[in-house]
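A short reminder: the numbers here are calculations on the coordinates, not readings from a lab. Values in this document were obtained by computation on a predicted structure and should not be read as measured data. Every residue, glycine as well, gets a Cβ built from its backbone with ideal geometry; the counts of neighbours run over all protein chains shown.
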Amino acid sequence: MGTSWSAFAQGEKLMFDLRDLMKPHRIVLMLIFAAIVVWCAYTLRWDWIPTYAPLAIEGLWRTIWILIVTTVLGFFLAIPLGLAQAIGPWYLAAPAKVFCTIIRGTPLLLQIWLLYYGLGSLFPQIPWIRSSELWPYLRQAWPYAVLALTLSYAGYEGEVMRGAFSGVNKGQLEAANAFGMPRLTMFRRIWLPQAIRNVLPTLGGETILQLKATPLVATITVVEIYSVSSRVRADTFIVYEPLLLLAVFYMMIAGVITLLFRRFEQQVPGRATGK
Amino acid sequence: MAELGAEEIDTQNADEEAIRVTDLRKSFGTLEVLKGVSLTAHKGDVVAIIGGSGSGKSTFLRCVNFLETPSAGQIIVGGEEIKMRPDGSPADRRQIERIRTQLGMVFQAFNLWTHRTLLENVIEVPVHVLKVPRAQAIKRAEELLDRVGLGDKADVFPSFLSGGQQQRAAIARALAVDPRVMLFDEPTSALDPELVGEVLTVIRDLAAEGRTMLLVTHEMKFAREVANHVVYLFEGRIEEQGPPAEVFGNPKSARLKQFLKTVG
């Protein structure tokens, strides 16, 4: 039922965007931008690209993969963290609160290092871990990177979800209660969808912040796109060009995230102002 | 708006008790809001509950389906007593959930689920609580929306509608569970004056077809017209009750006389 509405809204939106682009000042801006790109292409050094392209693609893929995995896992952790703080008994609310406070109150770089150098150097001393099936993974850096970024996202979003759960209109839940809806059904059908809907714009912004946190895992030897640009600089002494290209990559990913979340937002209409 | 589902109403067993509330008490901290209210509605009864603000009339209605936990008392719905702990909270969550599906509640603030269309609102409880097959629930929901005059709004989200339309949809949602008793909690108090009529028309049709209803209202003329029993609450007690002609036409209690004078 919602689909026809959102398809319509999107069609309208796209046409609106096109007409918008054709305004004179926009055309001038686009020409200036095109000139900068052309100037960069001709005056700066790009001959290193063919050599490093395979590594860059691998790094780009790893950045995207880490971003997706950590935001999805982090979000699923954020739901119970938010719920515990919003309505949980003190013995659930307090640990959730402490977790979110610690995560939000300490630098992510520190968390990554604590996990990798702390936990990561503790594990080899425990014999049963060394002999377990997990050991081949635990000796690598990426599980620690994924864990740290997941916990970080969960910590921030746990706080966001706390507000989201508390912010759902009480009447909505009361209606569900009054019709005998079991608690789990109410959570799944009414409470969670409304909570997520209310914080979608925030989550979009937080996901972009998460993207920009991913270069930190380069410090523990995970080869993602930022570390590839460092490699280029170290190998060739070319400094600016790889960084420029890196900025373009991040902006493109951020753009995709923005578009994705805009789509999500359009698929949950129902606000009179939603048009 | 034709009469609503008259065919489904069993006119036999008209004496059957739909709901019996005995000595219901409710305190908020030290403030006792209900001081022992008893009320029985038989099948087909329309009981109007009137009273000034703070008289406990809304609290009474919300205690009946345990949206508020009563402090003491007994509630029997369709012959089944709701099991209560000594502190008044429901002892058996399954039971209270099952009984709630027999009590169609209509709220002052409508409380339609804003993230779902009208049709989705109406089928929500039948499909996800009562496990009615989806196609069947949709067919029934379309009929109900038609009957409250919203057949063309099935795919619209609540926030795009007027208060009167939302409240009519909320009534359709309550009807969709085919309730034993309908509970109306000041259904027209949040509406602009010109929208009150359309909602009252729907409720009037429901009364005419023999739906059992408890109706908390400020609309005295309407209460007099549709109810067959009127209860006047004052400070948590039943001050006076009886047939509408008696209560409105020949009130005995001085407080009720005063109340009727002030509400006009």
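For region A:74-116 versus region B:177-203, the spacing of their alpha-carbon centroids is 45 Å.
Relative contact order of chain B, taken over Cα pairs closer than 8 Å and 6 or more residues apart, is 27 percent.
Within straight-line reach of B:Lys221, meaning a Cα separation under 20 Å, sit the following lysines at least 8 residues removed in sequence or on another chain: B:Lys57, B:Lys252, B:Lys257, B:Lys261. Taking 31 Å as the limit for the C-alpha separation, the pairs A:Lys170/B:Lys83; B:Lys83/B:Lys131; A:Lys23/B:Lys153 exceed it in the case of A:Lys23/B:Lys153.
Restricting the count to DSSP beta bridges whose residues both fall in the protein assembly as shown, what percent are antiparallel, rounded to a multiple of 5? Among the beta bridges of the protein assembly as shown, antiparallel pairing accounts for roughly 55 percent.
Counted by neighbouring Cβ atoms within 10 Å, the residues B:Lys261, B:Lys35, B:Lys26, B:Lys43 run from fewest to most as B:Lys261, B:Lys35, B:Lys43, B:Lys26.
Given a cut-off of under 8 Å on Cα pairs at least six residues apart, what relative contact order in percent is computed for chain A? In percent, rounded to a whole number, it is 28.
Taking the Cα centre of region A:53-274 as reference, the dipole from Cβ charges on Lys and Arg (+1) and Asp and Glu (-1) amounts to some 520 debye. Counting charges near A:Phe75 (Lys, Arg +1; Asp, Glu -1) among other residues having Cβ under 15 Å from its Cβ returns a value of -1. Rank B:Thr59, B:Thr30, B:Thr40 by mean-square fluctuation in a GNM of chain B with C-alpha springs under 10 angstrom and give only the top-ranked residue. Ranking B:Thr59, B:Thr30, B:Thr40 by mean-square fluctuation puts B:Thr30 first. Annotation: the antiparallel percentage among DSSP beta bridges lying fully within region B:6-263 is about 55.
Summing Cβ point charges (Lys, Arg +1; Asp, Glu -1) relative to the Cα centre of region B:1-144 gives a dipole of roughly 620 debye. Would region A:53-274 count as rounded, prolate or oblate if I go by the C-alpha gyration tensor, calling it rounded below 1.5 in a/c and otherwise prolate when a/b exceeds b/c, oblate otherwise? It comes out oblate by the Cα gyration axes. Equivalent-ellipsoid semi-axes for region B:6-263 (Cα gyration tensor, √(5λ), whole Å, largest first): 29, 22, 17. Each residue of region A:191-203 was assigned a 3J(HN,Hα) from its phi angle through the Karplus curve 6.51 cos²θ - 1.76 cosθ + 1.60 (θ = phi - 60°); the sequence is 5, 4, x, 5, 5, 5, 4, 5, 10, 3, x, 4, 4 Hz, with glycine and proline shown as x. For the protein assembly as shown, the square roots a ≥ b ≥ c of the C-alpha gyration tensor eigenvalues yield an a/c of 1.5 or more together with a/b exceeding b/c, which makes the shape prolate. Here the Kirkwood formula puts the hydrodynamic radius of region B:119-264 at 16.8 Å, using every distinct Cα pair. Please give the helix B:193-208 orientation as an angle from the longest Cα principal axis of chain B, in degrees from 0 to 90, rounded to the nearest 10. Compared with the principal axis, the helix lies near 90 degrees. The fewest-to-most ranking of A:Leu77, A:Leu151 by surrounding Cβ atoms within 10 Å reads A:Leu77, A:Leu151. Residues whose amide H lies under 5 Å from that of B:Ala18, counting only those 5 or more places away or on a different chain, are B:Ala41, B:His42, B:Lys43; hydrogens are built 1.01 Å from N in the peptide plane. In order along region B:106-119, the Karplus-derived 3J(HN,Hα) couplings, from 6.51 cos²θ - 1.76 cosθ + 1.60 at θ = phi - 60°, round to 10, 9, 4, 9, 6, 6, 5, 6, 6, 8, 10, 5, 4, 4 Hz, and Gly and Pro are given as x. Taking the Cα centroid of region A:154-199 and of region B:125-175, what is the distance between the two, rounded to the nearest whole Å? The distance from the Cα centre of region A:154-199 to that of region B:125-175 comes to 22 Å.
Sorting B:Asp185, B:Asp178, B:Asp152 by the number of Cβ atoms found within 10 Å of their own Cβ, with the fewest placed first, yields B:Asp152, B:Asp178, B:Asp185.
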